[in-house]
Amino acid sequence: MTMQRRLYLTILLLLSLALGLATISGCRGDGDDNDDDSSPADDDDDDDDNDDNNDDNDNDDNDDNDDNDDDDNDDNDDNDTPVTTAGFAYIPAGDFYMGSPESETGHRSNEVRHLVTLSRHFEMKNTEVSQGEFLDVMDFNPSHFPNFGADETLPVETVSWFDALAYTNRLSEDLQYAPCYVLAEIICTDETAGDTQTYCAEHGGIADAAVTLNGEDSVYECEGFRLPTEAEWEYAARAGTTTATYAGDPTLITCEPVDPLLDGIAWYCGNSKKQTHPTGSGKAANDWGLFDMLGNVAEWTWDWYQNDLGGAATDPEGPSDGHFRVVRSTPYRWLGAARTRAAYRTGHTPDYRLHLIGLRPVRTLPADAPRLMPSPVLAAPIAVSLPKAATDWPDELPFAFTRPAVGDPLTPEEISTFTEAVTNFYATSQFFPRMLWVGHGMSEDNGQGWPDYKLQVQDVTLTKSEGVVTFTHTGPSDNLMISTGRLFNNVAALYLASGDATMRRILVTHSKGIKALIQGMTFTADDPEPFLMPRTPFPANHAYTEEGGRQIVVNYDPVKQYRFDWNGWTIPNDYNPYFGPMWIRNMRSKDDVPHIYRTIPLLMRLSTDAPDQDVRDAAAEALEYLVGFTRDIVETGYYIRTKDEWGNTFIPMNMDYPFLVNDLATFELYTDLVPSAECDPRLASALIAYGEPLGVDCGNGIGWIYEVIAAYQHYFNWAIIRYFHIAAAHQALMTGNNDIAYDLLTGLTRRADDMMEGFGNWENSLDYVPDQAAFLLAAATVGLPLTDAEARLIQEQYTTAVTHYSAWAYWDPWDPSVPDGEIPFRPDRAISPEERAVRWEDMSFLLEYCYSPFRNPAGAQVVDCDVILDPEQW
C-alpha cells in the first residue's frame, strides 16, 4: 500500500471514529425545465399558441405561410426544406471579437483579441453528443462515466479527435449528406488496421488516420456534419456577448467556493461532484439555445493549435499542420472559474483520449438558407487600463510581534566566534563559487544556440580523469529544486546586500535554470500550456570549461531511458523548441514546491532592485515562469498538472487506486475529510498567483489532524508542511496581506515552541534537531523573533556542522589534491551513526536571515550580520 493511500485511509478511519462519520447519499434530478423530462430542446412542445416567433418548436400548429424568423422546420413556409436539423441550433453569420482583453480575469497570452468574420450561417448541436447518440451511430461507447451501470444521457467522452471526425462522417451519411472528411490508413487503438466500415468500433476507437477534406478546399464548404472550427466554437459560445461567459463575468478564480454566475450555466469543478452530467440538464443555455458550452466535457474542434491567431480574419480554420488539435470549453473537473470562459483555449494531440473530452458537431447551412435571426451587433473592444505591477516592496515588518524571553543571551564573544567560524568555512570551502563549478544544465558555448543555465542537480556520479571532471547522470534527480531553491535565496540575499560578482553570476545562471526547467516541458513552439514544470530536464551531452580552467563533461545518457514510477516518468520530449530532442522527468512533486515558492519573494526584489541589468532581466523572466506555474495550480483547483511524452496535459493519478489523484500532485486531496489539510500551500499559491487569498483562510497556518498523521507517515512531510507555512507568511508580507501574515506568524511561533519541546520527534530523529535549527533561521526571515534559547541551539548545531563539513575533501574536485577516479558529489550529513549535521545546503541560511527586511528586531541575535553580508570580510 502506497504512503498516500495509507495516509488517506488513516485520516478517514480516525475521523470516522472521532466524529461518527456517516455516509450521506444525495438525490440528483434530471435538472431540465421540460414538462415531459425529455431533452431540453423538445421536438414537440406543448405550446398551443400560434407562435412562429423564435420558438423551439420543430412541428408547430401554425398553418399560415408566414416566412417569419422562426426555427420551425415543418410549417407551411415556401421553403419546404428544413433549415436546421432536429436537435441543432441555428447560428447566424456575423462578426465578433475572438479572444479576451488583457484585463479579463484568467486571460492568457494565447487569447489575443482580434476581429473574426464568419460569412456562412451554420447549425450546431444544441447539446454535446451523448453516449446514447454516439452508440447509435458508431456501435460502441468508449466513455468512462458512469463509474457503475450505464447512463446514455451523459456526454460521450474518452474519444480521440479521429473518433470525433468518424462520428460526424457517419452522421452525415445517416442523414444523406456528403461526408466532410476522408479518413484513410486508419490505425485502431489496439494497433490493428481499421476501416471506414467500422471505424475501429471493436478495437477501442481510432488512434491515427490520414485525414483530408472530401473534395472541398475548406471545411466551411463541406455539405455534411463536421467539427466546428475554433472560431465557430467561440462565436457560438458567446452568442453575441462580449463578457467572459455568455452570462457575464465570473467573480471567483478557482473551484471553491462555487462561483454564483457559473453555477447557473456550467458543470465545472466547483459544482460537478467530479463527474459528468446528462447533456443539456440543469444549466441554462445561451441565447442561441446551446447548452453546456462551458463545462461538462471539453470539445474537440477542427483546427490545429497555434498560440498566435494573428490579426483580423474571415472564416479562419487554423494552420495547415501542427502537433496539437484545439480543444475548447472547460471540462467538469480540474479547471476553475478563471478558465471557465469563452476565450479559454488549449490543445491535445489528435490521438489523445480522456474522460474530459467529447464533441459537438456543426454543419454549414446552404448558401441560400434563409436568415432566421439577425447577426449579433459587433461591439468594439473595451479599452481597460491594467494596474501597474508593484515595484516598491515592503522594507520592514509591518507590525510589532514579540515572544516571552526564554534562555540566556549569547555573549558578544560567542557571536563573534561563531561568525568567524561560519565565514571562514564559506571562504575555505569556496561554498558559493562551487555552485558555479558543479551546478550545470547547459553550457553557454554549446554551439547550438540553446539557452545556457545551471541548476543544483542530484543523482550524479563524478569521475575525474587527467583534470577533467565528468558529471554522469545516473538517476532521475527528482527533487533538485529543494537544493536549488534553498541555495538561491541565500545567494540572492548576499548579492542584494553586497553586489558581489560571484553571487551575480550564480543568480543569472540559476534564474535561467528556473526558466529552463519549465521550458524543458514545452512541446513545440505552439504549446498551449507553456508553464508546467517537470521534475528534471535532461538535454544534450556537452563539454565546456568553467572559470579557473575547470574542464567539465556532462553525460545525461544513462538516465535517458523510459522509466515509469509512481512518482514520475522519465520520458522523451522530441519536440522541444528550446533545446532540441531531450528527455524529462515529469510529475513535478509538491516536495520541492515550498522551496520554489520561497524563491519568489527574492525574485520579486531582484527583478526591480538588483543593481545589475542582467540579474534584473533573468530574475524577471524566472518570476514570470514561476507565476505562470503557480497560476496553473490555482486555476485548476490546486492541482499540479504534468504532461506525457507527446505533450498532452494530465493530472497524475494513483497507480494502485486510479480513482485517487496522486498525493504528490494536489493540495486538496484530503480537504473533504480535513478542511484545513494543506491550507498553507493553497494560501501561498493564491497569494503568488493573484496577490489575494482567494477565500483561503488558514488562521494560524496549523492543520493539526492532517499534519500529525502526515508526519507519522513520513518524517520528511514535516519539512514540506513547515516550509509551506513560511512561504505563505512571506508572500502575505510581500503582498500587503498583513493580517494574514500576523496570524501565520503566531502559528510559526507555536511551531517553534513545540519543536523546542520535542514535539513531532517520532522517526528519523537524528535529523530532527539540526533540521530544527535551519527551520528557525528560515522562520526568522518572515518575522519570527528568535528566543535566546533558539539562538543558542542554532549556534550549537551550525558550529557542529562547520566542523563536520570543513573536513570534507571534495569541495573543489579539480584541486590537485583530489586524485583521479570517482569522487563524492555531495557531502554526507552523517557525522556518526548517532549524529547528523545541518543539511549542507542549509549552511547558507544565515545569509537570508541577516538580509531579510522582515527580520524582527525583537529577536535574539545569532550572528554578526554586518560581517556575514560582506564577503570582503571573509
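Averaged per residue, the chain has 38 square angstrom of accessible surface, using a 1.4 angstrom probe with ligands and nucleic acids left out. Note on the range 526-544 and the range 434-491: Cα centroid distance 14 Å, given to the nearest whole angstrom.
Computed over the Cα atoms of the range 412-537, pair by distinct pair, the Kirkwood hydrodynamic radius stands at 16.5 angstrom.
Here each label is just a point 7 Å from Cα along the line to Cβ, and for residue 421 and residue 287 those points are 7.5 nm apart.
The alpha carbon gyration tensor of the range 719-874 gives principal lengths a ≥ b ≥ c with a/c of 1.5 or higher and a/b greater than b/c, which makes the shape prolate.
Taken along the Cα-to-beta-carbon direction at a fixed 7 Å, the label points for residue 832 and residue 313 span 7.2 nm.
Extension gain for the segment residue 708 to residue 754, taken as residue separation times 0.36 nm less the Cα-Cα distance, is 15.3 nm to one decimal.
Take the Cβ atoms of residue 428 and residue 258, set R0 to 56 Å, and the FRET efficiency comes out at 0.40.
Relative contact order of the chain, please, whole-number percent, based on alpha carbon pairs below 8 angstrom and at least 6 residues apart. For the chain, the relative contact order is 12 percent. Treating the angle as unsigned and between 0 and 90°, give the value, to the nearest 10°, between the Cα long axis of helix 788-806 and the longest Cα principal axis of the chain. Helix 788-806 sits at roughly 80 degrees to that axis.
As a fraction of the 1.4 Å probe accessible area of the chain, surface on carbon and sulfur atoms comes out at 49 percent. Taking the C-alpha atoms only, the angle from helix 768-780 to the longest principal axis of the chain is near 70 degrees.
Estimated from the Cβ-Cβ distance and a Förster radius of 30 angstrom, the FRET efficiency linking residue 608 and residue 115 is about 0.25.
Is the shape of the chain best called rounded, prolate or oblate, per the rule: a/c under 1.5 gives rounded, else a/b larger than b/c gives prolate, else oblate, with a ≥ b ≥ c the square roots of the Cα gyration tensor eigenvalues? Here the chain falls in the prolate category.
Taking 0.36 nm per residue of separation and subtracting the current Cα-Cα distance, fully stretching the chain between residue 275 and residue 139 would add 46.6 nm. Between the beta carbons of residue 874 and residue 561, assuming R0 = 30 Å, the FRET efficiency works out to 0.10 to the nearest 0.05.
Specify the angular offset, from 0 to 90 degrees and rounded to the nearest 10, of the alpha carbon long axis of helix 161-174 from the longest principal axis of the alpha carbons in the chain. Rounded to the nearest ten degrees, it is 10.
Helical content alone sets the calculated 222 nm signal of the chain at -9500 deg cm²/dmol, taking -39,500 (n - 2.57) per DSSP H segment of four or more residues and averaging over every residue. Of 511, 320, 103, the residue with the largest accessible area leads and the full order is 320, 103, 511 (1.4 Å probe).
Taking 18 Å as the cut-off, no amide N atom of the range 344-363 comes nearer than this to a point 7 Å along the Cα-to-beta-carbon line of residue 192. These residues, 796, 317, 757, go from largest to smallest accessible area, 1.4 Å probe, as 757, 796, 317.
From the Cα gyration tensor of the range 545-620, with a ≥ b ≥ c the square roots of its eigenvalues, which class applies: rounded if a/c is under 1.5, or else prolate if a/b is larger than b/c, or else oblate?
Numbers: a/c = 2.24, a/b = 1.38, b/c = 1.62.
It comes out oblate by the Cα gyration axes.
Summing Lys and Arg as +1 and Asp and Glu as -1 over all other residues whose Cβ lies under 11 Å from the Cβ of residue 315 gives a net charge of -2. Among the GluC sites (Glu not before Pro) in the range 406-506, those placed in a DSSP loop whose Cβ has at most 15 other Cβ atoms within 10 Å are 444, 466. For a 24 Å ceiling on Cα separation, which of these pairs sit above it: 512/643; 273/515; 464/512; 515/643? In this structure, 273/515; 464/512 exceed 24 Å between Cα atoms. Under the simplified labelling scheme, the residue 803-residue 659 pair shows an inter-label distance of 5.6 nm, with each label point 7 Å from Cα along Cα→Cβ.
The values are calculated or read from the model by the stated rules, or taken from the named source; none is laboratory data. In this text, all values refer to a predicted model and were calculated from it rather than measured experimentally. Virtual Cβ from ideal backbone geometry, glycine too; neighbours counted across all protein chains shown. Keep in mind that these areas ignore ligands, DNA and RNA; they rest on the heavy atoms of the full protein, side chains included. Shrake-Rupley method; radii C 1.70, N 1.55, O 1.52, S 1.80 Å.
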